[in-house]
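Below is one structure, written out as structure tokens; the observations come after it.
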Amino acid sequence: MVDSNDGRRIVELRTQLNFHNYRYYALDDPEITDGEYDLLIRELRQLEEQHPELITSDSPTQRVGAAPSDGFTQVQHTQPMLSLGNAFNLEELEAWYRRSKNLMDDAEFDLVCELKIDGLAVNLTYQNGTLVQGATRGDGTVGEDVTQNLRTIRSIPVTLQGDPPAHLEVRGEVYLPLDEFRLLNEGRAERGEPLYANPRNTGAGSVRQLDPKVTASRKMQIWVYALGDMGGHSGPDNHWDSMEWMRLLGFRINPNNKLCHSLEEVHDYYLSWLERRHELPYEIDGIVIKVSPFAFQNSMGVAGREPRWAIAFKFPPEQAVTRLLNIGINVGRTGSLNPYAVLEPVLVSGTTVRQASLHNAEDIHRKDVRIGDWVIIERAGDVIPHVVGPVLDRRTGEETEFEMPKFCPVCDTGVVKPEDEAMHRCPNTSCPAQFFELLKHFVSKGAMDIDGLGEQWCRILIDQKLVSDLSDLYKLKKEELLELDRMGEKLADKIIGNIEASKKRPLPRLLFALGILHVGSEVAELLAQRYGNMAELAAASEEQLTEISGIGPKIAESIVAYFAVDHNTDVLEALRAAEVDPQHEIIEVDPGQMPWLGQTFVVTGTLSSFPRREAESRIKALGGSVASAVTKKTSFLVAGESAGSKLDAARKLETQVLDEDMFLEKLRTATAEIASAERES
């Protein structure tokens, strides 16, 4: 007799899973994590095993995915595209292996291990070696015809090599490489558009675009992982050999596949990639284990829509759902106010997570994350967990929106937010939250070069209240240092001597050492060449600063904001009193030796002639300046291969774009101009 509660729960689970299948496969917009889905399908499968009389053909356990979208022609698969069963721990994997051995009367067989790519499964059909059709998996029986889109993916061969059979179908996983995903999101961020959630959904959406040009622009890739229908052709007799055979035909086969002779080898493979998966340029969520001999596969058969001869050994879920209790603020070393989520503790990838990153206030508002929400947490590898977004269906109306504080929570200085930046900042460089990092930077070799004051002694000087701002360094006495634990006379003399010597450092070094936001060593050189001393720079306006080639509005705004803080100007006055006030000789440059003076370049993409760093050095040697972002003041964008979002920005701003050949010609012309000027002089 069927328990009525079990019957109701089965109906409830089927309804939920069918809905989530539709969201995942048809809309590419899931509402729950893979881990939550796996728990639901497992519960349903267990209940159906207890009550087999309740299993129906439309149960999610008997189907692979969701019905295809109406936007594409439907394709009937010659052979069903099956869905893999899952193992979530070693015990479940061992149970699958025992069942497989029992089905084959304990015969020995090899196993093939493959990385489980987190992408979109497709079926490719070739007639006489030519690609004639590409289809998505759909519900496993009927998919969508996306041939024109798949043709744009360069790693999918349009024509096969060697001697393929007259009719050949192969299965593969199309995916969006992580670098391409990041570039897409960088471009969307620059345009103020919402960011894509993850590579899997973005890749699936890219394949299912009605305009193939969109798919082509996203540089998708494929790994082919299985043979399909071969029209009666025999081919290799095992899966491992079939992979090599397909590789010789021109298909892209994952080089990380491994032939294993025991379950121990399989487990070693799993543990190896569990640790190393974030070294890959694509996402994986586990490994797939297949019985290699095709005769054994045929004999073992299929249970429902899952092959008995294969299983997915899933990695621990890297997403989880928990309650957002509060939003706190950390002040970073550059004064950035970094929001973080205070969470109800939740287990993610085997680690208990209590806090997660929220990036910045704009990201919080774009995702509509509110205090009290149930939120999705993601943890990839060893990186800090971050909040993906809220679970809107679980919102009660009692949640509160987040507001960034108007004053620094550490030093109470008024917070500033540059107009074109996402971050709010504390402009007080002596704020205790950031002063330790500033002091380390100030004494470092590239800045004031005070040898002997390493990280440990910087911390001690602050903790002992001997140094609370940069000018205090120049008030230190040898007797004070000797009172510190483990401070010897020789080291104290060295530190005092090097502090004294640092007074002679040139103006660009001091400007760099101050830690002004966006003022690196190159910008410091530009500023020193124009103004010559700290007092003149402090009096400069944003408009005057942006007249300098290589100084954009963001840098100018940051410099003016620095000198607008009373504490910063007090520290500079104290440094001046301590004789730290270098003067810089302004040298007039012969324009004949610097033909690119006043021109700003941005270099992006990959150059074949030399590394990007060398290209930037050559630009500077000819008087040009190099920037990291394309703005209205950019003179030229040097665009190598895979130029990405910067090329889009240059076209939008109508900035002149130089490909590599044009850039090399421009270099040759400039060099010839210099040689001509030297001959005339």
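Any idea which of (1) modelled with pLDDT of 85 or more; (2) within 29 Å of the chain's Cα centre (by Cα) is the one Glu665 doesn't satisfy?
It is condition (2) that Glu665 fails.
Surrounded by fewer than 18 Cβ atoms within 10 Å (Cβ to Cβ), among the polar types (S, T, N, Q) and outside any helix (DSSP H, G or I): is that true of Gln133 in this structure?
Yes; evaluated as a whole, the condition is true for this residue.
Identify the residue in segment 461-475 that is of a type in the set (Ser, Thr, Tyr) and surrounded by fewer than 19 Cβ atoms within 10 Å (Cβ to Cβ) and, among all such residues, is nearest to Ala574 (Cα to Cα).
Tyr474
Can you name the number of the only condition in (1) under 20 Å from Leu572 (Cβ atoms); (2) in the same structural domain as Glu522 (by TED's automatic domain parsing); (3) not charged (D, E, K, R) that Cys426 fails?
Cys426 satisfies every listed condition except (2).
When the residues of segment 251-304 are filtered to those that are under 28 Å from Leu131 (Cα atoms) and among the hydroxyl-bearing types (Ser, Thr, Tyr), which remaining residue is farthest from the chain's Cα centre (by Cα)?
Ranking the qualifying residues of segment 251-304, first place goes to Ser292.
Within segment 393-431, can you find the residues that are over 22 Å from Leu514 (Cβ atoms) and not charged (D, E, K, R)?
Correct list: Thr396, Gly397, Thr400, Phe402, Met404, Pro405, Phe407, Pro409, Ala422.
Considering only residues that are over 14 Å from Leu622 (Cβ atoms) and in contact (Cβ under 8 Å) with a residue 40 or more places away in the chain, which ones fall in segment 656-672?
The one that is over 14 Å from Leu622 (Cβ atoms) and in contact (Cβ under 8 Å) with a residue 40 or more places away in the chain: Glu660.
Residue check, His365 against (1) in contact (Cβ under 8 Å) with a residue 40 or more places away in the chain; (2) part of a helix (DSSP H, G or I), all met but one. Which one?
Unmet condition: (1).
Which condition breaks for Val174 when tested against (1) in contact with a strand residue (DSSP E or B) (Cβ under 6 Å, 6 or more places away or on another chain); (2) surrounded by fewer than 19 Cβ atoms within 10 Å (Cβ to Cβ); (3) within 18 Å of Thr202 (Cα to Cα)?
(2)
Go over the candidates Val158, Val207 one by one and state the one that is among the β-branched types (Val, Ile, Thr), within 26 Å of Ile32 (Cα to Cα) and at pLDDT below 90.
Testing whether each residue is among the β-branched types (Val, Ile, Thr), within 26 Å of Ile32 (Cα to Cα) and at pLDDT below 90 leaves just Val207.
Only one of (1) out of contact with any strand residue (DSSP E or B) (no Cβ under 8 Å at 6 or more places or on another chain); (2) of a type outside the set (S, T, N, Q); (3) within 19 Å of Tyr269 (Cβ to Cβ) is not met by Gly85, so which one is it?
Of everything listed in (1) out of contact with any strand residue (DSSP E or B) (no Cβ under 8 Å at 6 or more places or on another chain); (2) of a type outside the set (S, T, N, Q); (3) within 19 Å of Tyr269 (Cβ to Cβ), Gly85 misses just condition (1).
For segment 339-350, state whether one or more residues are more than 29 Å from Ala87 (Cβ to Cβ), touching a helix residue (DSSP H, G or I) at 6+ places or on another chain (Cβ under 8 Å) and at pLDDT 85 or above.
yes
Looking only at segment 618-664, which residues are of a type in the set (Ser, Thr, Tyr) and within 17 Å of Arg188 (Cα to Cα)?
Thr631, Ser642, Ser645
Considering only segment 607-655, how many residues are of a type in the set (S, T, N, Q) and more than 27 Å from Arg218 (Cβ to Cβ)?
Selection size over segment 607-655: 4.
Answer with yes or no whether Ala643 is in contact with a Ser or Thr (Cβ under 9 Å, 6 or more places away or on another chain) and more than 30 Å from Ser471 (Cβ to Cβ).
Criteria met by Ala643.
Of the residues Leu259, Leu263, Leu271, which is surrounded by fewer than 17 Cβ atoms within 10 Å (Cβ to Cβ), in contact with a Phe, Trp or Tyr (Cβ under 7 Å, 6 or more places away or on another chain) and farther than 20 Å from Leu168 by Cβ?
Just one listed residue meets the conditions, Leu259.
Could you check, for segment 194-216, whether at least one of its residues is assigned to a strand (DSSP E or B) and crowded, with 18+ Cβ neighbours inside 10 Å?
no
Tell me, which residue of segment 611-641 that is in contact with a helix residue (DSSP H, G or I) (Cβ under 8 Å, 6 or more places away or on another chain) and of a type in the set (Ser, Thr, Tyr) is modelled with the highest pLDDT?
Step by step, filter segment 611-641, then rank; the result is Thr634.
What tally of residues in segment 262-314 results from selecting those that are over 24 Å from Asp237 (Cα atoms) and in contact with a His (Cβ under 7 Å, 6 or more places away or on another chain)?
0
The values are calculated or read from the model by the stated rules, or taken from the named source; none is laboratory data. Nothing here was measured: the structure is a model prediction, and the numbers come from that model. Positions of Cβ are backbone-derived with ideal geometry, glycine not excepted, and every protein chain shown enters the neighbour counts.
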